[in-house]
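Please read the structure below before turning to the comments.
The values are calculated or read from the model by the stated rules, or taken from the named source; none is laboratory data. Keep in mind the model is a prediction, meaning the values are calculated, not measured. Here the Cβ positions follow ideal geometry from the backbone for every residue, glycine too, while neighbour counts run over all protein chains shown. Accessible surface is based on the protein model in full, side chains and every heavy atom, while ligands, DNA and RNA are left aside. Shrake-Rupley method; radii C 1.70, N 1.55, O 1.52, S 1.80 Å.
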Amino acid sequence: AAANPDIAVEPSTRERLVQAAALEFNEKGFHGTDTNRIARRAGFAPQTFYRHFEDKTDVFLAAYTTWIREEYCAIDAVMDRDDFDLAVADIIITHHLAWPMFHRILDFLAIQDERVRKVRREQMSWKIWRLRHVPENADRSDAELAADLLAIQRLGAAVTDGELAEVAVSPDEIRAAIAKAVARACGRG
């Protein structure tokens, strides 16, 4: 039987914990967040957390994966737009500004935790795989695609951190630079 799209589905316990963790990390950073607070924010007793996650890093990785998936769902929704590159730039800017701590935490944890490095590598491989399936990228190497993705990622992080504004780059210039990097990543630049 087909699912009725008009019926709201309650998120699972795990999904509620991931949502609560994402909010906690975004508000308090990695070290300012603890598993008890995550569980309580999700509406559960603290011991519930450990039925679903090994530790705080484990739930951060689940929140990060969700964060990436949400960004790519938004990108998929604008695939057919004539202004795709600018629409994606807007998504990246909006998404990064809404979740300023994620790249900071990710960069910090990747230095010290192999699990984080592994998930980060998997996400990059998945993004390269997606770009590999864009017909215009048929003759481009994985290294070229990775460089384009890293440029987009770094520009998004620079927006979040305010780095570009500090050197008097206007919001319109930032948006245009990200759109240009998106076009390049899609084999049009």
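Name the single residue, out of those in the stretch 89-112 being touching a helix residue (DSSP H, G or I) at 6+ places or on another chain (Cβ under 6 Å) and more than 25 Å from Ile174 (Cα to Cα), that is surrounded by the most Cβ atoms within 10 Å (Cβ to Cβ). Selected residue: Leu109. Out of Arg81, Arg120, Arg115, one residue alone is without any contact (Cβ under 8 Å) to a residue 24 or more places away in the chain, assigned to a helix (DSSP H, G or I) and surrounded by fewer than 19 Cβ atoms within 10 Å (Cβ to Cβ). It is Arg120. Out of (1) open to solvent by less than 60 Å² (accessible area, probe 1.4 Å); (2) assigned to a helix (DSSP H, G or I), the odd one out for Leu86 is which? Condition (1) is where Leu86 drops out. Scanning the stretch 162-179 turns up at least one residue that is in contact with a Gly (Cβ under 8 Å, 6 or more places away or on another chain) and open to solvent by less than 80 Å² (accessible area, probe 1.4 Å). Total residues in the stretch 130-148 satisfying the condition of being modelled with pLDDT under 95, over 11 Å from Cys186 (Cβ atoms) and outside any loop (DSSP other than H, G, I, E, B): the figure is 1. Can you name every residue in the stretch 25-63 that is assigned to a helix (DSSP H, G or I), within 23 Å of Ile92 (Cα to Cα) and open to solvent by 10 Å² or more (accessible area, probe 1.4 Å)? Scanning the stretch 25-63 gives Asn26, Glu27, Lys28, Leu61, Ala62.
Can we say Arg154 is over 16 Å from Tyr64 (Cβ atoms), open to solvent by 60 Å² or more (accessible area, probe 1.4 Å) and either of a type in the set (Phe, Trp, Tyr) or in a helix (DSSP H, G or I) (or both)?
Values: over 16 Å from Tyr64 (Cβ atoms): yes; open to solvent by 60 Å² or more (accessible area, probe 1.4 Å): yes; either of a type in the set (Phe, Trp, Tyr) or in a helix (DSSP H, G or I) (or both): yes.
Answer is yes for this residue.
Can you find even one residue in the stretch 180-189 that is open to solvent by less than 20 Å² (accessible area, probe 1.4 Å) and either out of contact with any helix residue (DSSP H, G or I) (no Cβ under 7 Å at 6 or more places or on another chain) or within 15 Å of Leu97 (Cα to Cα) (or both)? Checking the stretch 180-189: not a single residue is open to solvent by less than 20 Å² (accessible area, probe 1.4 Å) and either out of contact with any helix residue (DSSP H, G or I) (no Cβ under 7 Å at 6 or more places or on another chain) or within 15 Å of Leu97 (Cα to Cα) (or both).
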